[in-house]
Amino acid sequence: MVRMNSGVYFDQAIPVLSRKAYLFGGEDPAPFEEGLSSLKQEWTFVPVRTPEDVRQSLRHGPVALGMICLEKKDAQNAFRFLSALSDTCIRWIALLGPGLAEQRDILHQVREHCIDFHRFPLDPQRLRIILGHAHGMARLSCLEPRVPDSRDHATESDMVGSSPSIMECFRSIRKIAGTDACVLITGESGTGKELVARAIHERSKRSAGPFITLNCGAIPANLIQSELFGYEKGAFTGAHTRKIGHIEAANHGTIMLDEIGDMPFELQVNLLRVLQFGKIQRVGSSVEIPVDVRIIAATHIDLEKACREGRFREDLYYRLHVLRVSLPPLRDRGADISLLARYFCKRFSAEYGAMSKPFSAEALDVIQAYSWPGNVRELINKIKSAVLMSEGPLIEPKDLQLENIPHPAKRSGKTLREIREIAERETLQATLQKFEHNVSRTARELGVTRTTLYDLLKKHNLF
């Protein structure tokens, strides 16, 4: 998963992490400790009993890994322990005691909270491999962005994903931020256009200046001019004092004009003058005021079509469309849909003090199958509702309150899972053929690692 918090993204060397791991034991940790004894020359295991033990330890230095010993009697207590630490970056490995690997509810919880697991009896050599892999991935996770508190806009402002389309978006943001040209952001409503604009601003040389947004579609046509450019005292009835407009208020910073396609045609020429000459005139004044502001425009409509139909000025379109970022709809982001669902589930669980519940397999199928016409904004609202209102140990399809979900099984005689397996196999075959079975290029095209690709090829017998 790649995460861009409010547009701050750090490129840095892979850090060195200590080979230390927390150990949360069951009622009788002896069988587990015996299996770990041969690893103690390579690893330091720090026993912990409560979340506070972990937090206290973290004050003395980062620990990236943890191992949790699960037994039938205290499994739920162990998962409550993990939920209480969901805001940390520790990667947990589950050691499953006898009989737990056959319990579906336990495996759901393991999938939600842990990155790997190992069944009892413990095999030291296999554990060595699991720990080494987890340690390497933890080092890579340190490349994820960190945002200073003073800039943290985060509750719902994180851009999260690893699909090829969103990775291309991240690359565009990093390139565009280094320039001062106008940017046009396109995409359906709810895809996160304001997040992209803020990301560009906060990575630019204007980051110390203001970032101001104005939704051109939410302001009455007769007020847009005064909102954009401000007005002088006495300019019209009710103008009792001078007002600074949004563009002037964004001086030395960035203004985002959201839904620019809804701006009245007769007012578009005024914006064109700002782009051409860098000056504005307040309503009721003949004085031109110089402004130094970067304009980022966003729209969900086809501006080229609007130009052909005479609803949008062609000269303004080309002034705005110097650089462009196109956001994909959520339905086209593949595995990012489930990734985002899990991400926001954990986030809202921590925010509202609720227990972090995993999704059932059926709920994940529904999430992946739904078309999400409201995009990420709709996903956020549905997950927030499910976190607050679900009553069982898992989040089930009914908790998501989604309508018009397709039922592939009724149309084709196959289950949704079978259809997804067929689609996955066909995509792998087509991409391998496209790149003449070059594994590296195929993995890049599909947005997965080589290891993941090999696992998929083995799964579908495509070696």
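For this structure, a couple of remarks:
- In terms of surrounding Cβ atoms within a 10 Å radius of their Cβ, H135, H460, H201 rank from fewest to most as H460, H135, H201.
- The overall shape of the stretch 298-385 is prolate: from the C-alpha gyration tensor, with semi-axes ordered a ≥ b ≥ c, the ratio a/c is 1.5 or greater and a/b exceeds b/c.
- Under 30 Å between alpha carbons - lysine pairs in the stretch 151-326 that sit 8 or more apart or on different chains: 14
- Sorted fewest first by neighbouring Cβ atoms within 10 angstrom, Y318, Y454 come out as Y318, Y454.
- The stretch 354-369 and the stretch 279-299 have Cα centres spaced 48 Å apart.
- Close amide H contacts of F117 (hydrogens built in the peptide plane, cut-off under 5 Å, sequence separation of 5 or more or a different chain): A94.
- Fewest neighbouring Cβ atoms within 10 Å first, the residues I255, I90 line up as I90, I255.
- Derived scalar couplings ³J(HN,Hα) [the stretch 314-328; Karplus, 6.51 cos²θ - 1.76 cosθ + 1.60; whole Hz; x for Gly, Pro]: 5, 5, 5, 4, 6, 5, 7, 8, 7, 10, 9, 10, 10, 8, x
- Taking amide H as placed 1.01 Å from N in the peptide plane, the amide H of R91 sits under 5 Å from that of L65, G66, each at least 5 places away or on another chain.
- Three-way shape call for the stretch 18-141 based on the alpha-carbon gyration tensor, with the a/c threshold at 1.5: rounded
- Rounded if a/c under 1.5, otherwise prolate or oblate - the stretch 151-326, Cα gyration tensor axes: prolate
Readers should treat all values here as calculations from the given coordinates under stated rules, not as data from a laboratory. Every value quoted in this text rests on a predicted model; they were computed, and no experiment measured them. Every residue, glycine as well, gets a Cβ built from its backbone with ideal geometry; the counts of neighbours run over all protein chains shown.
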